[in-house]
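The values are calculated or read from the model by the stated rules, or taken from the named source; none is laboratory data. In this text, all values refer to a predicted model and were calculated from it rather than measured experimentally. Here Cβ is always computed from backbone atoms with ideal geometry, including for glycine, and neighbour counts include all displayed protein chains.
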Amino acid sequence: MTWGLTGLIGYMLFIIWNLARKSNAGRFGTFILFFVLAFGMLGFIAKSVIQWLFEID
Amino acid sequence: MPAIECEGPLPANAFRIRQLPPGRVLAWLASGWRDMRAIGWPSYLHGLFVCLVGIALALLSLEASLLVLGLASAFVLVGPFLATGLYALSRRRERGSVGGLDIVVLAWRCAGRRLLAFNLLLLGAALAWVAISALLLGLFVNVETTSLPALLRYVLTQDSVHFLQWTVLGSLVAATVFACSVITIPLLMERDVSTRSAILTSVRTVSENPLTMVVWAICIAAATAASLATGMLGFILLYPLIGHASWHAYRDLAEIDDQELPQITDDQFENH
């Protein structure tokens, strides 16, 4: 399954690259990087808050 | 008037993208708030509708708990197209009058044709995401989960690398859908352009304002999280607020030459 998921992530990256190429979007990669990092951080915070709220260890 | 067909984004002489600082997001929210207060119940009705759909989905998730995480994120994917009526109400207010439900019905009736292809794409992405999420959760949650709290407890305490991959994949899907849709629906509603041109123009807009767009996406995510945390009730206020603010984001980001790319007038709207 690890390979399948990695393949799906790779396919998404190809879609993103293709979109950036067709739209002449120079800094689209910067946006994707910021977005994934920001939402990773938000997800980590949300996970901690939910764990604290529901007292899950 | 034929739709502008082109291989790439809209021609530079028809459409100029402004580069704005992240602080502009506050101005969009303030304008959205003023629209919502002035328009009143037709705005809140959109929020109520989304709230009821959210409750229905939550009840469905209680029956099939593996769907819950996918459904929560898919909800965000179809959010922009449900807001079509809110964009039409903001547009009408911009022209000096306050519209009612007739404006919303009109927007759906005529913009519906131009938006159909794009909305089907959003819906397809949302359904694919629900299916992939349910499949992945089914594969990596290898304990018996009889209820939603049990599933959440498992998901929040496991250290599976698959969960990390699922979140990365989810972020990439969300980023792509956000970039493809952030100004697409207001643009398709207001100007006669092809779906492909509108999507590529939206992507170019995002790439010109990467940080501002991430701040805007965080605001939308925070509003969605707050609404989910209040048992969907938050949607009644926050959904119309974000919808109207999205219209102001489009107005602020896109500087469009009316000669090169004429607006669809109210008469053309009604004659569609």
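Computed quantities for the displayed model
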quantity	calculated
Failed criterion for B:Ala58 (all others in (1) hydrophobic (A, V, I, L, M, F, W, C); (2) more than 18 Å from B:Leu123 (Cα to Cα); (3) modelled with pLDDT under 75 hold)	(3)
Qualifying residue in segment A:20-39 (condition: more than 7 Å from chain B (Cβ to nearest Cβ) and within 19 Å of B:Phe163 (Cβ to Cβ))	yes
Residue ID - farthest from B:Val50 (Cα to Cα), chosen from residues in segment B:248-258 that are modelled with pLDDT under 95 and among the hydrophobic types (A, V, I, L, M, F, W, C)	B:Ile256
Single residue of B:Leu228, B:Leu261 found to be assigned to a loop (DSSP other than H, G, I, E, B) and modelled with pLDDT under 90	B:Leu261
Filter pass, B:Leu20 being at pLDDT 90 or above and not in a helix (DSSP H, G or I)	yes
Any hit, segment B:167-180, residues being of a type in the set (S, T, N, Q), in contact with a helix residue (DSSP H, G or I) (Cβ under 9 Å, 6 or more places away or on another chain) and within 17 Å of A:Leu42 (Cα to Cα)	yes
Test: residue in segment B:212-219 that is at pLDDT below 90 and touching a helix residue (DSSP H, G or I) at 6+ places or on another chain (Cβ under 8 Å)	no
Of all residues making up segment A:1-12, the number that are surrounded by 11 or more Cβ atoms within 10 Å (Cβ to Cβ), hydrophobic (A, V, I, L, M, F, W, C) and more than 7 Å from chain B (Cβ to nearest Cβ)	0
Per-region count, segment B:113-132, residues of a type in the set (A, V, I, L, M) and surrounded by 17 or more Cβ atoms within 10 Å (Cβ to Cβ)	7
Residue within segment B:236-248 that is within 11 Å of chain A (Cβ to nearest Cβ), in a helix (DSSP H, G or I), crowded, with 18+ Cβ neighbours inside 10 Å and in contact with a helix residue (DSSP H, G or I) (Cβ under 8 Å, 6 or more places away or on another chain) present	no
Residue satisfying all of: in segment B:194-210; surrounded by fewer than 23 Cβ atoms within 10 Å (Cβ to Cβ) and more than 8 Å from every other protein chain (Cβ to nearest Cβ); nearest to B:Leu261 (Cα to Cα) among these	B:Ser194
Residue list for segment A:13-42, filter: more than 13 Å from B:Met213 (Cβ to Cβ), crowded, with 16+ Cβ neighbours inside 10 Å and small (Gly, Ala, Ser)	A:Ala20, A:Ser23
Yes/no for A:Lys47 being at the interface with chain B (Cβ under 7 Å from one of its Cβ atoms), farther than 20 Å from B:Leu200 by Cβ and either among the aromatic types (Phe, Trp, Tyr) or surrounded by 14 or more Cβ atoms within 10 Å (Cβ to Cβ) (or both)	yes
Any hit, segment B:199-220, residues being free of Cβ contacts under 8 Å to residues at least 60 places away in the same chain, of a type in the set (S, T, N, Q), in contact with a Ser or Thr (Cβ under 6 Å, 6 or more places away or on another chain) and over 23 Å from B:Trp33 (Cα atoms)	yes
B:Thr167 vs. criteria assigned to a helix (DSSP H, G or I), surrounded by fewer than 20 Cβ atoms within 10 Å (Cβ to Cβ) and among the β-branched types (Val, Ile, Thr)	yes
